[in-house]
Amino acid sequence: MEKNTSESKEGILGWAKFKGKGVGYFGFTFQRVSGVVILFYLYLHYTVLSNLLHGQATYNSIVQSITYGPYDLFIVFDILLALVIFYHGANGIRLALNEMGIGLKHNKAFFVIFESISMVLLLLFLYYAWLFVAA
Amino acid sequence: MSEKNYEFVVKRKDDNGKESYSSYEVPKDKISTVLEGLIYIKENFDQTLSFRYSCRMEICGSCGMEVNGKPRTACSTIVSQLGTDRVKVDPMKHYEVIKDLVVDMDPFFTKYSEGLPYIIREGEEDYSSEIPQTPEQFKEYEQYSMCIKCGLCMAACPIVGSDEDYMGPAPLAAVLRYNKDNRDQGSKYRLEIVDGDEGTSRCHFVGECTEVCPKGVDPSFAIQRLRMQGVRYELGKFFRRRK
Amino acid sequence: MVICGGVIKMENKTLKKPMTSRGTLGTVSWFFQVISGLFLVFFVGVHLYLAHIDFGHPIVFYDSVINNLKNPWWLLFYIAFVWVVTYHGLNGLKGILYDMGTRPKTRKYIAYILVAVYIVTVIYGTILAIIVSQIVIP
């Protein structure tokens with residue numbers, strides 16, 4: 001039972017203990033997790049874009065395969081990625097405002113406002129992107 | 001547990017390093033704060049229970065501990081306001097435990113003194129008379145001088161938990177307190193210290209330090225101000241060097 | 001250090017080095033992280049709009065990507081995007097690795113490796129964008 005309390009060093013697992021903590025704690029940890037996910041995707045994206053050098057057929061077949069077909073389950077990861085990007089952006093704006101000294105006293109309100117706006121934008125984005133994919 | 005008692009669950013650690021939880025029933029009408037509860041336990045049930053306290057009025061900053069999972073000063077935590085009859089008391093996180101609730105505060109005070117928390121003057125001056133300060137100039141840093149060095153912010157900060165060399169909220173707030181003092185001329189020495197990898201740049205505005213601070217020092221705001229001072233200082237240094 | 005009248009006087013040469021090396025540039029690198037983050041909100045917004053919405057003409061397939069890069073302003077946009085997003089990502093990773101309480105010596109290696117990765121990525125990305133913009137669509 002809670003063997004960590006007596007150790008002076010909690011380690012990064014301490015970042016995941018949200019119980020009884022404020023909203024800033026949750027925002028901080030997920031900012032890191034989402035950042036790592038996006039960085040991983042960034043390099044994946046560079047790799048896919050490198051296939052532009054291999055000509056039209058190769059590149060188009062990759063895009064086709066992850067949008068329509070046989071690997072269209074990839075769309076689930078795409079939606080998760082969009083969620084993560086929108087979260088990271090909204091929380092990042094809050095942190096940038098914090099950096100300028102705005103909203104440090106109302107972190108929770110700022111978090112809720114920015115995340116709600118970004119989630120609405122996310123839904124709009126997914127809706128229009130879905131219109132294109134379905135067409 | 002009856003209606004008339006609080007249940008105190010206290011983390012224990014004996015000389016051999018063996019850890020356990022002890023449970024005590026404390027009558028509700030005998031105590032009001034957590035510290036009084038612990039004193040009641042020590043006087044009536046268990047003389048071996050160790051904890052630090054001195055002033056009992058939130059001035060000395062010795063009775064920091066985790067009450068129901070949140071760092072608080074035991075003397076100013078009123079049990080009836082916790083909303084539960086079960087009071088779980090742990091030693092502060094991110095410190096080495098010496099015995100029971102007593103933790104080793106030395107690393108905290110070392111970090112505190114590393115930020116040069118004293119007035120620094122340059123040049124030869126006659127110190128036979130005082131250096132004047134207006135009430136407005138005092139108001140500039142009054143908030144940050146309220147720190148009682150209880151170390152609760154260090155227990156709340158997730159970065160202190162993962163990077164034990166990080167200076168931490170209270171030492172950085174102390175740096176700002178002296179940088180904002182009009183009698184002080186040593187800002188550049190302090191900014192040189194806090195601008196590095198273990199200073200302000202390790203703070204990511206989790207805001208837990210402000211949340212737990214019993215004196216309203218608001219260390220996260222202090223770190224933000226200090227960071228802006230640091231950016232101005234570093235960029236100024238960079239451009240001056242190239243002139 | 002001279003103590004007189006309760007005031008501690010300090011001169012440059014008597015300033016002792018702090019107990020742990022706290023280095024420099026941490027603050028400025030984090031300040032640039034914020035600035036690049038604000039730029040990226042704009043960059044990523046435009047990019048997502050172009051790549052997935054753009055009301056009927058999203059830039060997804062081979063022809064549309066290359067036609068888009070034929071415009072020098074878009075080429076510049078994407079090259080700047082690569083430079084900024086890679087800085088933001090790798091600097092963020094550096095922050096996470098430093099926050100784990102790594103030793104100063106390890107940190108030096110981490111910094112060297114990340115700078116190397118940054119330079120390689122940026123050069124590769126720039127060259128890729130320029131080559132792709134030169135491709136003639138058959």
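Per-residue ellipticity at 222 nm, computed for chain B from helices alone with -39500 (n - 2.57) per DSSP H run of at least four residues, works out to -10000 deg cm²/dmol.
Contact order normalised by length for chain A, with contacts defined as Cα pairs under 8 Å and 6 or more residues apart; what percent is it?
Reported as a whole number, the value is 24 percent.
Extension gain, A:A82 to A:A134: 0.36 nm times the residue separation minus the Cα-Cα distance gives 16.9 nm. With each label modelled as a point 7 angstrom along the Cα→C-beta vector, the B:S23-C:H47 pair spans 5.6 nm.
Just want the ordering: A:I75, B:I31, from fewest to most Cβ atoms lying within 10 Å of their own Cβ.
Numbers: A:I75 15, B:I31 20.
So the residues, fewest neighbours to most, are A:I75, B:I31.
When you restrict to C-alpha pairs under 8 Å that are six or more residues apart and normalise by the size of segment B:5-104, the relative contact order lands at 32 percent.
Panel order for A:W130, C:W83, C:W73, C:W30, by other beta carbons found within 10 Å of each beta carbon, from fewest to most: C:W73, A:W130, C:W83, C:W30.
Here the calculated FRET efficiency for B:Q185 and C:I123, from their Cβ-Cβ distance with R0 = 51 Å, stands at 0.65, rounded to the nearest 0.05. Taking 4.7 Å between C-beta atoms as the pairing limit, chain B has these partnerless cysteines: B:C63, B:C75, B:C147, B:C150, B:C157, B:C203, B:C213. Is segment B:4-57 best put as rounded, prolate or oblate by its Cα gyration tensor, with a ≥ b ≥ c the root eigenvalues, rounded for a/c under 1.5, and otherwise prolate when a/b is larger than b/c, oblate when not? Since a/c reaches 1.5 but b/c is at least a/b, the shape of segment B:4-57 is classed as oblate. For chain B, modelled as a Gaussian network with Cα springs under 10 Å, which listed residue fluctuates most, B:N68, B:N179, B:N44? Judging by the Gaussian network model, the answer is B:N44.
Among B:K11/B:K111; B:K188/C:K105; B:K188/B:K237, which pairs are too far apart, with a Cα-Cα distance over 21 Å? Kindly include the intermediate steps, with their values, before the conclusion.
Values: B:K11/B:K111 27 Å; B:K188/C:K105 26 Å; B:K188/B:K237 10 Å.
Result: B:K11/B:K111; B:K188/C:K105 exceed 21 Å.
Neighbour counts of C-beta atoms inside 10 Å place B:E142, B:E114 in the sequence B:E142, B:E114, starting with the fewest.
Give the calculated FRET efficiency between C:I137 and C:A116 to the nearest 0.05, with a Förster radius of 51 Å applied to their Cβ-Cβ distance. Mind dumping the intermediate values first?
Details: r = 35 Å, r/R0 = 0.69.
The computed FRET efficiency comes out at 0.90.
Placing a label point 7 Å from the Cα of C:N67 along the Cα-to-Cβ direction, the residues of segment C:108-138 whose backbone N falls under 12 Å from that point are C:137.
Contact order normalised by length for chain B, with contacts defined as Cα pairs under 8 Å and 6 or more residues apart; what percent is it? Don't jump to the answer; show the numbers that get you there.
Working: 394 pairs, mean separation 41.7, N = 243.
Relative contact order for chain B comes out at 17 percent.
With R₀ set to 51 Å, the beta-carbon distance separating A:F26 from B:E130 gives a calculated FRET efficiency near 0.55. Note on A:H45 and A:K105: their simple-model spin labels are 3.8 nm apart, each label 7 Å out from Cα toward Cβ.
Calculate for chain A the 222 nm mean residue ellipticity that helices alone would give, adding -39,500 (n - 2.57) per DSSP H run of length 4 or more and normalising by residue count, nearest 500 deg cm²/dmol.
-24500 deg cm²/dmol
In this simple spin-label model, placing a label point 7 Å from the Cα along the Cα-to-Cβ direction at both B:F138 and B:T84 gives a separation of 4.3 nm. Phi-derived couplings, Karplus 6.51 cos²θ - 1.76 cosθ + 1.60 at θ = phi - 60°, listed residue by residue for segment A:77-85: 5, 4, 5, 4, 5, 4, 4, 5, 5 Hz, with x used for Gly and Pro.
FYI, it's all coordinate maths here, none of it is from the lab. All values derive from a computational prediction rather than experimental measurement. Please note: Cβ atoms are built from the backbone with ideal geometry, for glycine as well, and neighbour counts cover all protein chains shown.
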